[in-house]
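Written below as structure tokens is the structure these notes are about.
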There are 2 protein chains.
Amino acid sequence: MRRDAPARPVQQHEHNLALVARLAARAGPVSRAWLAQQSGLTKSTVTQLTGELVEGGLLRELGTGRAGGPGRPATLLELNALGPAAIGLQVEADHVAGCLTDLTGRVRDRAIRRAGDLRGEPGLAVRAAEPVLRRLLNTALSTDSVVAGIAVGLPGRVSRTGTVTSAGLGWQGTDLARLLGTRLAVLGGSGIPVTVRASARLAALAEAWFGGEQDAEVLVCVSGEQGLGAGILLDGTVLEGARGAAGDIGHVRVRASGGEPCECGAAGCLDTVAGQTALLRAAGVTEPARSRLAAGEGPLPALVREGERRAVTATRRAGTALGGALGGLASALDPDVIVLGGYLAGLGPRFAEWVGAALGQRCPGFAPSVRVRLSRLPADIVARAAAATVTRGLVDDPARWLAE
Amino acid sequence: MRRDAPARPVQQHEHNLALVARLAARAGPVSRAWLAQQSGLTKSTVTQLTGELVEGGLLRELGTGRAGGPGRPATLLELNALGPAAIGLQVEADHVAGCLTDLTGRVRDRAIRRAGDLRGEPGLAVRAAEPVLRRLLNTALSTDSVVAGIAVGLPGRVSRTGTVTSAGLGWQGTDLARLLGTRLAVLGGSGIPVTVRASARLAALAEAWFGGEQDAEVLVCVSGEQGLGAGILLDGTVLEGARGAAGDIGHVRVRASGGEPCECGAAGCLDTVAGQTALLRAAGVTEPARSRLAAGEGPLPALVREGERRAVTATRRAGTALGGALGGLASALDPDVIVLGGYLAGLGPRFAEWVGAALGQRCPGFAPSVRVRLSRLPADIVARAAAATVTRGLVDDPARWLAE
DNA sequence: TCCTTTTGTTCGTCCAGTAGACTATTTAAG
DNA sequence: CTTAAATAGTCTACTGGACGAACAAAAGGA
């Protein structure tokens, strides 16, 4: 219940600033009159509030728009693309990707650093992130943009205090934000706040923000590179769970008896059937494909398309196992849609059908109403989503930014 | 996302009224000074707000309390037990129970109407509810209390528009609120708002409110009389799902192949193994036990305790099936606690162990951290929880009540 | 008795949103 | 071209409601 929260009286002004900022952000260029009508505030109040937001660099005036009918044409407002920017990083086992976005969420620059193997010592990832960060910070500097924050997405679980435990990276209780923070000082970015998030959750947010699922009340996004994890969105808010483990479905048992042993100590886990390494091995694909790029462009989907027996069987088994595991989740959450992301998105449409069929097998009542589909977002979407958490934070609480 | 909600500016006064009312409700008799300190409002503001709440009959002054140390002793405030009351009804297949509670949630009167079989025509349930309502309304009248609302809990699904679909009662798209509303006019209770809720969700709220689980961030309560359903609470808020079906686990398939046919058309559903009728039959108990009273005081738990083979086997199978189904739910939600309510609570502690063991079998990662236990609440708790939704509604939004 | 401490009220202040008049800028009609 | 209607945005006075400080009330302790 956590009701002992800082029960403080509402700050009306803060709230109304955020209300106006959110409306302007969502609806693109809009007039003050429209904002007033939508928000329920008066025109004068909107004038006041938008004044503060323009002053603070979050909104900008776009000149007068065309008049559709009679009446004075509106001066349009929109998010200020030249205002504060954000950096998103995506740490995977074999590379670090990053992007710089403006307030609207548009990518201004990208960078990627491939590495053989970043697993083990967290310092490896920090070192790999350094050139990425340097480039993006420089790009921001060259366009005179302040970087309002850096957000990192990685496979694993992030505790409430921000420490990371990741089987995929071999980390345990790593305070990545602190490590990156000290590194940032060297790069001339000291003081920029760093946040860390589980990539499964960022992938789910990405589907809602960039994947056309903004209307889904309950969205589940299964993704992962090594192990599988699900991000769950309820009305656009990430479900965390009591210990931050909500959606950790990688170690649900999908083999009734026996099954391959898993890193986690048990056997027959979902990861041992539908995890990337396991799937490639079962399909007889020897090439060490680790990122989604490799899976999506690699041989597996092609083999499945061509009907190669071993590949089809392994992929269908993976889909069936995943669908069965998702059955319990679906009956608990009653989702609108289940999106298959990460390397799963590269497995082709038949995979989604297999997942959907197994889901229907396990809980027939839900199957007809739940959409199961592949993600259409690119492989580095987690970095973009991470950056978007920062810019959305600015829009959702402009007062903090305006206070500088 | 449902963001197109009535985005209206905050009503600061409304919010602060609710803040003060909630604090007073939770902490029992308190002084104005304490409220000011806790809420972050000033003493003068609290004086103003509590004045309105006392005026409106929601709070009452309790006289000056003892002074612990030096200083003027406080005049204590608490929820006004003589203020508005609420009626909760619990409709089951063979009876209608009801209670009248005051603002504090204390039961002032109870009533129950047993009937042979209320399934089929909704009018049967309405007629059975009539004497219950008459008695409770009379009790309220005799103590000069206004009934602020009536809430009904029943097994089944309640759509967003309030219509009920219940396999257990044989209803489909029934607008019970309207039916009861017209009946209420006859009983001199016209105008009292009626709401209808799924009893699984009310049972979950009951565990949070009366069952000692007020601190659980994620609470799952499995309950049911005929079919099983789970109520899910996230930070005290009921999870609804995209179609209002969140937690409907009764028709998750728990038999890989075959399994008994279910009412729903499929086969091998959880209800066919762990539902009450199925369980009693499998255990060889012929007596037609329908309500939890019958199961809890009936022969089954005794037989299990004594180790009668057929009863033990059937109950263990039911527990194993339920635990397996809850595995997927647990990995999705990462709950603090799973409470077994309804007739399951009468199956004894070994049942909970079986459920927990099967849960651990299915997802080992979660098992150690999730408590699985039986409900300690009485059989008619749904009625009390229903009434409490009404009184909590008053405390959570006192402004609406004060506006009369 | 008087001082200290804490409660609760009163009164004046001030912030921020409201109401509505007023100006600005367009289209459409005469 | 002139004028009316429509719409956008600003300005000023007003008001609701929270705040702050001073003060009265009611204790305990020296």
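The values are calculated or read from the model by the stated rules, or taken from the named source; none is laboratory data. Remember, it's a predicted structure, so these values are computed and weren't measured experimentally. No Cβ is skipped: glycine too gets one built from the backbone with ideal geometry, and neighbour counts run over all protein chains shown. What goes into the accessible areas is simple: the full protein's heavy atoms, side chains included, and nothing from ligands, DNA or RNA. Shrake-Rupley method; radii C 1.70, N 1.55, O 1.52, S 1.80 Å.
Of note:
- Förster radius 41 Å - calculated FRET efficiency between A:L62 and A:T165 (Cβ-Cβ, nearest 0.05): 0.35
- Structure-based [θ]222 nm, the protein assembly as shown - -39500 (n - 2.57) summed over DSSP H runs of at least 4, per residue, nearest 500: -13000 deg cm²/dmol
- Taking B:D175, B:D102 and ordering them by how much accessible surface each has at a 1.4 Å probe, largest first, produces B:D175, B:D102.
- Per residue accessible area in Å² of the stretch B:212-376, where ligands, DNA and RNA are left out and the probe is 1.4 Å: 37
- Taking all protein chains as shown and a probe of 1.4 angstrom, B:W209 keeps an accessible surface of around 40 Å².
- Distances between copies at A:P378, taken between label points 7 Å from Cα along the C-beta direction, are 6.5 nm in increasing order.
- Cα gyration tensor category, rounded, prolate or oblate, for the protein assembly as shown with a/c compared to 1.5: oblate
- Whole-Hz couplings from phi, Karplus 6.51/-1.76/1.60, listed for the stretch B:196-209; x for Gly and Pro: 10, 9, 6, 5, 4, 6, 5, 4, 5, 4, 4, 5, 6, 8
- Average beta carbon contacts from partner chains per residue of A:323-329, 10 Å cutoff: 5
- At most 16 other Cβ within 10 Å, DSSP loop - trypsin sites (Lys or Arg not before Pro), the stretch A:130-220: A:R160
- Local electrostatic count, B:L184, Cβ distance below 15 Å [Lys/Arg +1, Asp/Glu -1]: +3
- Comparing the full protein assembly with the isolated chain (1.4 Å probe, heavy atoms, ligands and nucleic acids excluded), the residues of the stretch A:246-272 losing at least 40 square angstrom of accessible area are A:V252, A:R253.
- B:H15 sits with roughly 60 Å² accessible to a 1.4 Å probe, with DNA, RNA and ligands left out of the calculation.
- 7 Å along Cα→Cβ, label-point gaps from A:P193 to other copies, nm, shortest first: 3.7
- Exam field: A:K43 pseudo-label spacings to other copies (7 Å along Cα-Cβ), nanometres: 4.6
- Distance-filtered residues of the stretch A:10-50 - backbone nitrogen under 19 Å, label point 7 angstrom along A:A81 Cα→Cβ: A:24-31
- Separation of the B:V54 and A:E306 label points, Cα + 7 Å toward Cβ, nm: 8.5
- Among B:G57, B:G212, B:G250: highest mean-square fluctuation, GNM of chain B, C-alpha pairs under 10 Å: B:G212
- Among B:L233, B:L62, B:L374: highest mean-square fluctuation, GNM of chain B, C-alpha pairs under 10 Å: B:L62
- Inter-site label distance for B:A357 and A:R350 at 7 Å from Cα along Cβ, in nm: 4.2
- Table column - 3J(HN,Hα) (Hz), the stretch B:308-318, Karplus curve with 6.51, -1.76, 1.60, x for Gly and Pro: 4, 4, 5, 5, 4, 4, 5, 5, 5, 4, 4
- For chain A, the dipole from Cβ point charges (+1 on Lys and Arg, -1 on Asp and Glu) about the Cα centre works out to 300 debye, to the nearest 20.
- Rotational relation B to A, axis-closest Cβ in chain B, residue and distance rounded to whole Å: B:G328, 1
- Neighbouring Cβ atoms from other chains, within 10 Å of the Cβ of residues in B:208-214, number 1 on average.
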